[in-house]
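The values are calculated or read from the model by the stated rules, or taken from the named source; none is laboratory data. Computed from a prediction, not measured in an experiment: that's the story for all the values here. Cβ placement follows ideal geometry from the backbone for every residue including glycine, while neighbour counts extend to all protein chains displayed. Keep in mind that these areas ignore ligands, DNA and RNA; they rest on the heavy atoms of the full protein, side chains included. Shrake-Rupley method; radii C 1.70, N 1.55, O 1.52, S 1.80 Å.
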Amino acid sequence: MRQRIALLVETALRTAHTSAEFVTDPLPSIIIGTPANQEHGDFSCNIAMQMAKGERKAPRQVAETIIRYLGNGNGLLLKTEIAGPGFINFFISPSAWQGALLEIESAGTDFGRTTTGAGKKIQVEFVSANPTGPLHIGHGRGAAIGDTICRLLGATGWDVTREFYYNDAGQQITNLALSVQARCLGIEPDDSSWPTDGYQGEYIKDVARSYLAKETVHADDRHVEALGDPHNLDAVREFAVACLRREQDLDLKAFDVHFDVFTLESELYRRGDVDAVVKSLAENGYTYEQDGALWLRTTEFGDDKDRVMRKTDGGYTYFVPDIAYHLNKWKRGFTRVINEQGSDHHSTITRVRAGLQALKCDIPQGWPEYVLHQMVTVLRAGEEVKISKRAGSYVTLRDLIDEVGRDATRFFFIMRKPDSQLVFDIDLAKEQSPDNPVYYVQYAHARICSIFENAAEKGHVAPLQPRPEQVAALTTPEELQLIKLLAALPDTVADAAQQFEPHRLTYYLTELAGCFHSFYNKNRVIGEDAALTSARLYLLARTAQILKNALTILGISAPERM
RNA sequence: GUCCUCUUAGCUCAGCUGGAUAGAGCAACAGCCUUCUAAGCUGUAGGCCGCAGGUUCGAAUCCUGCAGGGGACGCCA
């Protein structure tokens, strides 16, 4: 609907322009807003005020000219008004709103989807947890946000590649291997021979046990058979990585999160990508030797100090393969790349971008794009659950899904803007009450389904394709309000996708559910008047459809019974 | 000290990339079930949008300072 208004305004402006009514060139971009106050119509446009200065006319005068060229858009508009300092307010005719219901039905599960990204590739990297332990609650938020962004982008037509990157060869992995090896040999964390910085969690014991039992593990991206020999550190490492990768895969599957591509840091080394990047950076004159290390002049690109690329021990620091990895993404043809990460890793942004600029291969300055999420604190019985890695007492993603369920976990992780901190109240998430937004929304869907069961018993069936005079029976403010919200789904999805802000859709759903519950309490659906009954059943069928469409985009189920 | 981020009702948070009288949910108070799921609804009350400047027709929103919370400042990832 908003798109249509924008189009109307654009045509009006163009016609007025060719008729030499306006001198402004180029015309400013048209922004259609939705007024907070109902008296100001369904949509509004501020363009007259934007143009007033260039036109050297009063805003209201400019607005008058625009309206003169506007027409009524084939019956779409009931009326237009000039209001306040120069707003143009649009009032959509009730028949246009009623007609929207028919469009919603014919679009079916596609209603809400748009085509802005059609034919364009985009890559989203998220989670990217190293295989050194189970996924924790922070990864959970990243998984939920990243996955939902992918779903949103998919819903707006983009060809999305979901990617997971991990380090399978660094010092942390060696620590992991040493820890498993120690457990194999019966060494305890308190023993003097326990490796420094070893991983002490219980899961390490499980890995050691499986290794000694010569088990075979299948992860999404690797299959490894245990040799059973604790002294073969490389074999232990291979096996441990596979084990932990498999655990992560299981967690992610339980969360209904899937990846198209796994990229391994070791691959970048093996293929020579890392060396090639170092060579290129050196040739471009952005490196220098100092204190036995090789440095990159990241300060040339806005960093506050230069960074070490190659340590005195000869190994590269983590951001060097990171640069190689992103060059690889670029070479694969992704002109748009989004990295979803915890905000505690924000310092890598400058380094990776600086490295890519220093390669001098025409990568845009702001590439890749980042979505950073803030910390999660867990609340149980009103108390913050303290995270203690030593005791291994931190809340894992799996614990959370097992305890509160996948739907609630997903909903809670995305219901706040990524860059604001999130309080995850476990008790609330489990609660089956209207205080819990997930239940509130799902209940609306279940309630409608229940009404339909009831209607069927009484012999009512919602008309599949109602005649115009039937939908025309939907005239109360509650009915029109509900229709307006239903029709707003495509705009909401498009905005959420463009801004990488999944929470917009959870807010939309809460509002829609509220609007339905409100309607339900005020109006009887199944009544004496057969025509009105079938019109209202039709409205509710569309409401259930929209609830389901939106929930599906979020990866959350729409139960028919609760 | 430097960088990032946040600061909106008692609490948890929205605020549609600068618009009109700043919203929702919880908590508080007052109401609504012989009727399609009360797992729901209606109403009341509650605000120096952290502070101070600036930009312009117009600022919660953009810019600059300041204060406070969180995070990052490693030859870890």
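Annotations for the structure displayed:
- Qualifying residue in segment A:95-103 (condition: within 14 Å of RNA strand B (Cβ to nearest atom) and either outside any loop (DSSP other than H, G, I, E, B) or open to solvent by less than 30 Å² (accessible area, probe 1.4 Å) (or both)): no
- Output for segment A:522-534, where each listed residue is of a type outside the set (Asp, Glu) and within 13 Å of RNA strand B (Cβ to nearest atom): A:LYS522, A:ASN523, A:ARG524, A:VAL525, A:ILE526, A:GLY527, A:LEU532, A:THR533, A:SER534
- Where a residue in segment A:1-28 is over 30 Å from A:SER95 (Cβ atoms) and its partner, wherever it lies, is open to solvent by 80 Å² or more (accessible area, probe 1.4 Å) and in a helix (DSSP H, G or I), with Cβ under 7 Å and at least six apart: A:PRO28/A:GLN50
- Qualifying residue in segment A:314-331 (condition: of a type in the set (D, E, K, R), more than 13 Å from RNA strand B (Cβ to nearest atom) and not in a helix (DSSP H, G or I)): no
- As a summary of the residue check, A:THR552 satisfies the conditions (1) surrounded by fewer than 20 Cβ atoms within 10 Å (Cβ to Cβ); (2) within 11 Å of RNA strand B (Cβ to nearest atom); (3) modelled with pLDDT of 95 or more except for the one numbered (2).
- Test for A:THR80: is it open to solvent by less than 80 Å² (accessible area, probe 1.4 Å), within 30 Å of A:LEU482 (Cα to Cα) and either part of a loop (DSSP other than H, G, I, E, B) or within 15 Å of RNA strand B (Cβ to nearest atom) (or both): yes
- Here A:LEU486 meets each of (1) open to solvent by 30 Å² or more (accessible area, probe 1.4 Å); (2) of a type in the set (A, V, I, L, M, F, W, C); (3) closer than 22 Å to A:PHE411 by Cβ with one exception, condition (1).
- Within segment A:104-119, the set of residues being away from RNA strand B (no atom under 16 Å from the Cβ) and surrounded by 14 or more Cβ atoms within 10 Å (Cβ to Cβ) comprises A:ILE104, A:GLU105, A:ALA107, A:PHE111, A:ARG113.
- Residue satisfying condition, being at pLDDT below 95, surrounded by fewer than 17 Cβ atoms within 10 Å (Cβ to Cβ) and within 16 Å of RNA strand B (Cβ to nearest atom), within set A:ASP291, A:ASP306: A:ASP291
- Within segment A:468-562, helices (runs of 4 or more DSSP H) holding 1 or more residues that are more than 20 Å from A:THR115 (Cα to Cα) and more than 16 Å from the chain's Cα centre (by Cα): A:468-471, A:477-487, A:503-522, A:530-553
- All of A:THR312, A:THR317 fail the test of being at pLDDT below 95, over 28 Å from A:MET375 (Cα atoms) and either of a type in the set (Ser, Thr, Tyr) or under 22 Å from the mean Cα position of the chain (by Cα) (or both), apart from A:THR312.
- Any hit, segment A:360-374, residues being out of contact with any Ser or Thr (no Cβ under 7 Å at 6 or more places or on another chain), surrounded by 13 or more Cβ atoms within 10 Å (Cβ to Cβ), assigned to a loop (DSSP other than H, G, I, E, B) and modelled with pLDDT under 90: no
The rows are residues; the columns are (1) within 26 Å of A:ARG141 (Cβ to Cβ); (2) charged (D, E, K, R).
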| position | (1), (2) |
| --- | --- |
| A:TYR165 | yes, no |
| A:GLU202 | yes, yes |
| A:TYR211 | no, no |
| A:HIS218 | no, no |
| A:PHE239 | no, no |
| A:ASP256 | yes, yes |
| A:ARG270 | no, yes |
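- Any hit, segment A:106-124, residues being within 30 Å of A:GLN248 (Cβ to Cβ) and polar (S, T, N, Q): yes
- Hey, A:GLU478 open to solvent by 20 Å² or more (accessible area, probe 1.4 Å), more than 25 Å from A:ALA36 (Cα to Cα) and more than 8 Å from RNA strand B (Cβ to nearest atom) or not: no
- A:PHE424 being surrounded by 19 or more Cβ atoms within 10 Å (Cβ to Cβ) and outside any helix (DSSP H, G or I): yes
- The set of residues from segment A:253-282 being part of a helix (DSSP H, G or I), under 22 Å from A:GLY170 (Cβ atoms) and either in contact with a Pro (Cβ under 6 Å, 6 or more places away or on another chain) or of a type in the set (A, V, I, L, M) (or both) comprises A:GLU265, A:LEU268, A:VAL274, A:ALA276, A:VAL277, A:VAL278, A:LEU281.
- Within segment A:139-173, the residues that satisfy the criterion of being open to solvent by 30 Å² or more (accessible area, probe 1.4 Å), over 28 Å from A:THR109 (Cβ atoms) and part of a helix (DSSP H, G or I) are A:HIS139, A:GLN171, A:GLN172.
- Filtered residues of segment A:332-351 (kept if surrounded by 19 or more Cβ atoms within 10 Å (Cβ to Cβ), within 14 Å of RNA strand B (Cβ to nearest atom) and closer than 20 Å to A:HIS139 by Cβ): A:ILE338, A:ASN339, A:GLN341
- Residue check for A:LYS279: away from RNA strand B (no atom under 14 Å from the Cβ), open to solvent by less than 30 Å² (accessible area, probe 1.4 Å) and of a type in the set (Lys, Arg): no
Yes or no, residue by residue, for (1) surrounded by fewer than 20 Cβ atoms within 10 Å (Cβ to Cβ); (2) within 12 Å of RNA strand B (Cβ to nearest atom):
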| site | (1), (2) |
| --- | --- |
| A:LEU397 | no, no |
| A:ARG406 | yes, no |
| A:ILE414 | no, yes |
| A:ASP419 | yes, yes |
| A:GLU431 | yes, yes |
| A:ASP435 | yes, yes |
| A:VAL461 | yes, no |
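- Close pairs from segment A:307-324: first at negative phi, partner in a loop (DSSP other than H, G, I, E, B), Cβ under 6 Å, at least 6 apart: A:VAL308/A:THR317; A:THR312/A:GLY292
- Taken as a whole, the condition of being modelled with pLDDT under 95, farther than 30 Å from A:GLU340 by Cβ and more than 13 Å from RNA strand B (Cβ to nearest atom) applies to A:VAL471.
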